[in-house]
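K.L.:
Before we start, here is the structure in question, set down as C-alpha cells.
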Protein chains: 2
Amino acid sequence: MPLPTPFTAALAERFGKRFSTAEAVRTHHGHDESHFSDALPDGVVWAHSTAEVVEIVNLCREHRVPLIPYGAGSSLEGHILAVNGGLCLDLSEMNQIVAIHGEDMDAVVQPGVSRKTLNAALHGTGLFFPIDPGADASLGGMVSTRASGTNAVRYGTMRENTLGLEVVMADGRVIRTGGRARKSSAGYDLTRLFVGSEGTLGVITEVTVRLHPLPEAMSSATCAFPDVASAVQTVIQTIQLGVPVARIELLDALTVHAVNRYSKTTLREAPMLFFEFHGSPTGVEEQAQTVQEIARDNGGEGFEWATRQEDRNRLWQARHQVLHASINLVPDCKAISTDVCVPISRLAEAITGTQDDIAASGLIAPIVGHVGDGNFHVVILTHPDQPEQVEAAEALGRRIVERALALDGTCTGEHGIGIGKQDFLLAEHGDAVAVMASLKATLDPLNLLNPGKVLPPGVVQAAYRA
Amino acid sequence: MPLPTPFTAALAERFGKRFSTAEAVRTHHGHDESHFSDALPDGVVWAHSTAEVVEIVNLCREHRVPLIPYGAGSSLEGHILAVNGGLCLDLSEMNQIVAIHGEDMDAVVQPGVSRKTLNAALHGTGLFFPIDPGADASLGGMVSTRASGTNAVRYGTMRENTLGLEVVMADGRVIRTGGRARKSSAGYDLTRLFVGSEGTLGVITEVTVRLHPLPEAMSSATCAFPDVASAVQTVIQTIQLGVPVARIELLDALTVHAVNRYSKTTLREAPMLFFEFHGSPTGVEEQAQTVQEIARDNGGEGFEWATRQEDRNRLWQARHQVLHASINLVPDCKAISTDVCVPISRLAEAITGTQDDIAASGLIAPIVGHVGDGNFHVVILTHPDQPEQVEAAEALGRRIVERALALDGTCTGEHGIGIGKQDFLLAEHGDAVAVMASLKATLDPLNLLNPGKVLPPGVVQAAYRA
C-alpha cells in the first residue's frame, strides 16, 4: 500500500533528501539477518534529533502510517521487516555520543551509535562497554531486543546495563525513563519495559548505559573436549562453583570447522570451549587454574592460551563471525538460528537432546552458545528454495524450543521474538501475553509502532477490542 | 467507611477466623515503620494460597473494596497504610519455600517468606540470598519496593535478583512473568514492571529469586575518618577503581554514637566506613589491601578487622539496627528517613551539602548509607507533637531531595515512593509519570489495588478519565 500523498509530501518538504521512496533504499531497509523474506517499507526517513523523531511520529499518527524504527538492520528475528508496510525510521545518523561520565562509569548515547563505536570512544578511559552481540549492532537496537552476547555471564545483558532511556511515545510525548543513579525505587520501571520491546511501545532516542572498568588482567583460552557433553559439564561445574568467568562459549566440532574455513584459524576441530578471564593478575591466574582442573576432570584436552591482545582479538573476532562462518558452510543457504536458554542444570539435557534431533533431521546445523548463561544457538542451514528442507528446519527449531520450555527455559535468550517466535511466546508466557498486549494497546492505541512484532495477532486484536 | 455487609459475610463464611475486623488486628495492620500517621484497614484477611488470593481479589472487585497487600509491615514510606480504607490482605502465612534449585542457584518462595527465613533454609547449600534491607522484610514486600541494602553494590537489588513472579491481576487472572532461565528476550519484561510497583498493579503470590555462591573467604573491617568528606572520597575512589567490594557503608559520628548506645558496641565515635570483602582468600586479601591504601591516602585512621563469623555478624547486626538505634537517640521521637541516591561522582557534594543543611536546620539527623551505590539516608528525628519541628524536618528532606535531583540522582534508592514522595516522583520523572499512570489504569481499571500509593492523585485521576 503506497503512503498517502499528503504524508509523503509533508516528509519530502520537511526532510528533503533525508526522505526516500527509492526501491534500492527500501530494499536495503526491508531485510535483516534473519531467514525471513524481505518486507519492504514504503518509504525511509533519516532523523537527526529527538525533535525530528517527534515530528515523524506525529505525522505517522495523523496519517495512520505504521512506523518501523531501524538501527543497524542486524536483527535475527525479522524485527525491522515492514510486514504491514509503512515508514522506516532510520536512526543510524543519530549517532552522537552525548556524554561519557568516566567517574560514574556511564555513557549517554544516541540510538544509532554502535557498540564498536562506543568502545572506540572509550579508548583511553580505562572503561569499556561489554555487551557484544555478534553484529556491530546499534545501541538502540540492542536495547530493543534486550541483547547480550559473550560477556553476559559476567556483566549482564542490556537489561542490567541500561540505566535510562529517552523515548518518543506514540502520542508524540518525549519521556525520560531513568537517571544516572545506580539504583532507584522511584515508580514503575519504564526503562525495563522498553528494554526488549522491539520498537513496539515507543521510539528510543537516547540511551544511558553502564560502563565497566577494563580489568587489570585478561586472558583467553581454548580447550578441546572429546564430546559436547563433557564440555557442557565443564561449564555447569564452573558456574556452580561461582568462578566469575567473563566468557565461556561452546562451539561444536562443526562450528569449529566453519570458523577455521571462514576466519583462517587453525583450531582443533573438536567440541571446544572458549574462555576469557578478567580480574587482577592473581585473580585471573586463580580462575584459570580452577577452570583448568574442572576441564581436565571432564576430559578436556589441554588449554591453548591467548594472552596477547592481538591473539585475544583474533579469537573473539572469529567467535563473533560464527553466524557468517556457519552460513558459508553451504553455498546459497540461509540460516534459521534458534536461541533457547535454560537453567544451567538442564543444559546438558537440552544440548544432547538437540544433538539427537539434529542427527535425526539430516540437516546441517552447527551448535554454538553462551553456555555460561544456559543460552545456545543452533544455526540450521537451509536452501530457501527447497520447501521440504525449510519445513524440516522449522520442525527442528520447534522441537528445540519445546524441549527448552519443558526444561523451564525460554524460547529466546537474546534475539527477541520478532515475527518468528510469537507462538512460542504464547507457549512460554500464557496469559501474561494478554497483559503485554494490554500495555501495547494502552501505549500505542492506533497500533502504529512496529506492528506485527512480538505479540501474536490474535492476542493483539483482543487487546485492541477491549 | 465500613465494609459492605455482603462482602464481610462472604469473607467470614469463606475464611472463618482468618478474616477479622477486630480493632487490635486492624491497628496492627494500619501502621508501618514510617513516620506517617496510622491508617487502619477496615478488615484483615490471611490467605494461604494463590487460589485464595484470587477469591479475595474477585470479592474486592465485585464489591469495589480497596485491597492492600501486606507482608511484614516494615515499609518506610507508608506503603501498607489503608489511606482509602479497604481490606488488608496479609500474606505472611503464605510462607513456604517452594523449591531451592541449588544447581541453578535460584529459589522459589511464597511472598510471606522473609529474607532471614530464606537464608536459614539455605544453610548448608553453599548459597545465600544477599539482599538485606535493615528489617527482616518479606520477599513479596521486597519485590514490591525494589528493595536493596548493604550488599547491593556487589550483588544488585531486587531488580537484578528477581527472576520471575506469579501475580494475581486485578481481574483475577493468574500470570507468571518469567521462568528460571538466567536471561530471556521473550516479550515485555513484566517481572521488572511488578518489581517496585508497591502492590498497585497486582498481588504477588510467588517469587523466584537468584541465589549466589557463599564466597570462599569473607572479611569485614571498620575504618574511622577525620570527616565525612574523607570517607566519601575513599568510597568514590574504591568504586572508580572497580574493586568488587561486597559492602561499603558510611556512618557519620552521630550514627556511630547511636549504634554504640543501642548495640553496646565500642566503635570510635568518628565518621566511619564499614567494609566487607568477598572472594577467594587471595582475592579478599588483594581487595582489602587496595582499599586500605585508598583509605590511608584519604586520612583513614586504621582498619579494625572482623574475620571471625561472630564478629562479622555483630558488626552487621549493629549496622542493620541503625534506624532503631537512631530513633532511640531522642525519647518519643519518630524518624523521617530520606533515601536519595546520586551518581558516585556527585556523592561528596550531595553529602557535604546535606551536612550543611542539617546544621542550618538545628535538627538531630544522623547520616548513614550504602555509599557504594551513591545511596544514603538521613534519619531526621522529630517529635510528632511539635508541628514546627515536623515542618522543619520536611523542609530539610525536601532540600536533600532537590539537591539529589539537581545532581542527576533519584529521590529514592530503595525505600520506594509510597505516600510521601509522590511530588518528588513527578519532579524526577515528569511526563513519564503519566505513562506510569496509564499502565496503572490499564491493569487495575477500578483503582482497587493499594490505591493512593506511588502515583500523585492528579495524575491518577487524569489517567482514569482518559
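K.L.:
Roughly what would the spin-label model give for residue B:99 and residue A:289, points 7 Å off Cα along C-beta, in nm?
P.N.:
Label-label distance for residue B:99 and residue A:289, simple model: 3.8 nm.
K.L.:
Can you find, among A:31, A:88, A:63, the residue sitting farthest towards the positive end of the charge dipole of the range A:5-90, where Lys and Arg contribute +1 and Asp and Glu -1 at Cβ?
P.N.:
Going by the Cα projections, it comes out as A:63.
K.L.:
What residue in chain B has the Cβ closest to the axis turning B into A, and how close is it in whole Å?
P.N.:
In residue-and-Å form, the answer is B:192, 2.
K.L.:
Would you compute, for the Cα atoms of the range A:330-406, the largest minus smallest coordinate along each principal axis and list the three values in descending order, in whole Å?
P.N.:
39, 19, 17
K.L.:
Pairs of lysine in chain B with Cα under 30 Å and at least 8 positions apart or on different chains: total?
P.N.:
14
K.L.:
May I ask for the angle, rounded to the nearest 10°, between helix B:228-240 and the longest principal axis of chain B, with both axes built from Cα atoms and the value confined to 0 to 90°?
P.N.:
Once rounded, one gets 80 degrees.
K.L.:
In addition: Once the Cα atoms of helix A:253-263 and of chain A are each reduced to a long axis, what angle between those two axes, in degrees from 0 to 90 to the nearest 10, is obtained?
P.N.:
With both axes taken from Cα atoms, the answer is about 70 degrees.
K.L.:
Further question: Only bridges whose two residues both fall in the range A:1-154 count here: according to DSSP, what percent of them are antiparallel, nearest 5?
P.N.:
Close to 45 percent.
K.L.:
Additional query: Distance between the C-alpha centers of the range A:27-65 and the range B:75-104? Whole Å please.
P.N.:
A separation of 45 Å, based on Cα centres.
K.L.:
Could you work out how far the C-alpha centroid of the range A:274-311 sits from that of the range A:419-466, in angstrom?
P.N.:
The range A:274-311 and the range A:419-466 have Cα centres spaced 45 Å from each other.
K.L.:
Using the charge dipole of the range B:1-95 (Lys, Arg: +1 at Cβ; Asp, Glu: -1 at Cβ; taken about the Cα centre), state which of B:20, B:50, B:7 has its Cα farthest towards the positive end.
P.N.:
B:7
K.L.:
Based solely on its DSSP helices, what 222 nm [θ] is calculated for the protein assembly as shown when runs of n ≥ 4 H residues each add -39,500 (n - 2.57) and the sum is averaged over all residues, nearest 500 deg cm²/dmol?
P.N.:
Computed ellipticity for the protein assembly as shown at 222 nm equals -11500 deg cm²/dmol.
K.L.:
For the charge dipole of the protein assembly as shown, defined by +1 on Lys and Arg C-beta atoms and -1 on Asp and Glu C-beta atoms about the Cα centroid, which residue among A:291, B:322, B:381 has the Cα displaced farthest towards the positive pole?
P.N.:
Result: B:381, furthest along the dipole toward the positive end.
K.L.:
Beyond 27 Å, how much of the Cα-Cα pair distribution for the range A:314-443 remains, as a whole percent?
P.N.:
Summing the P(r) of the range A:314-443 above 27 Å gives 22 percent of all pairs.
K.L.:
Where the centre of each part is set by its Cα atoms, how far does the range B:1-16 sit from the range A:235-259, in angstrom?
P.N.:
58 Å
K.L.:
Explain nothing, just the number: dipole magnitude of the range A:5-90 about its Cα centre with +1 on each Lys and Arg Cβ and -1 on each Asp and Glu Cβ, in debye rounded to the nearest 20.
P.N.:
Using only the charged Cβ atoms, the result is roughly 260 debye.
K.L.:
With charges only on Cβ, +1 for K and R and -1 for D and E, what is the dipole size of the protein assembly as shown about its Cα centre, in debye, rounded to 20?
P.N.:
The calculated dipole for the protein assembly as shown is roughly 720 debye.
K.L.:
Here is a further query. If the only charges are +1 at each Lys and Arg Cβ and -1 at each Asp and Glu Cβ, what is the size of the charge dipole of chain A around the Cα centre, to the nearest 20 debye?
P.N.:
My answer is approximately 880 debye.
K.L.:
Still on this structure, I have one more. How tilted is helix A:281-297 with respect to the longest principal axis of chain A? Cα atoms for both, answer in degrees (0 to 90, nearest 10).
P.N.:
70 degrees
K.L.:
On to the next question. Does a label point 7 Å from the Cα of residue B:394, set along Cα-to-beta-carbon, have any residues of the range B:323-337 with amide nitrogen under 18 Å, and which are they?
P.N.:
Taking a point 7 Å out along Cα→Cβ of residue B:394, the residues of the range B:323-337 whose backbone N falls under 18 Å are B:334-337.
K.L.:
Going through the range B:1-73, which trypsin sites (Lys or Arg not before Pro) have at most 14 other Cβ atoms within 10 Å and a DSSP loop state?
P.N.:
B:64
K.L.:
Now for a different question. Give me the three principal axis extents of the range A:217-317 from the C-alpha atoms, as integers in angstrom, largest value leading.
P.N.:
In descending order, the Cα extents are 35, 30, 17 Å.
K.L.:
Turning to a different aspect of this structure: Rounded to the nearest 0.05, what FRET efficiency is calculated for residue A:241 and residue B:328 with R0 set to 56 Å and r the Cβ-Cβ distance?
P.N.:
My answer for the efficiency is 0.80.
K.L.:
Report, for residue B:317, each distance to the same residue's label point in the other copies, shortest first and in nm; define the point 7 Å along Cα→Cβ.
P.N.:
So the distances to the same position in the other copies read 5.9 nm.
FYI, it's all coordinate maths here, none of it is from the lab. Quick caveat: nothing in here was measured; it's all calculated off a predicted structure. Cβ atoms come from the backbone with ideal geometry, glycine included; neighbour counts cover every protein chain shown.
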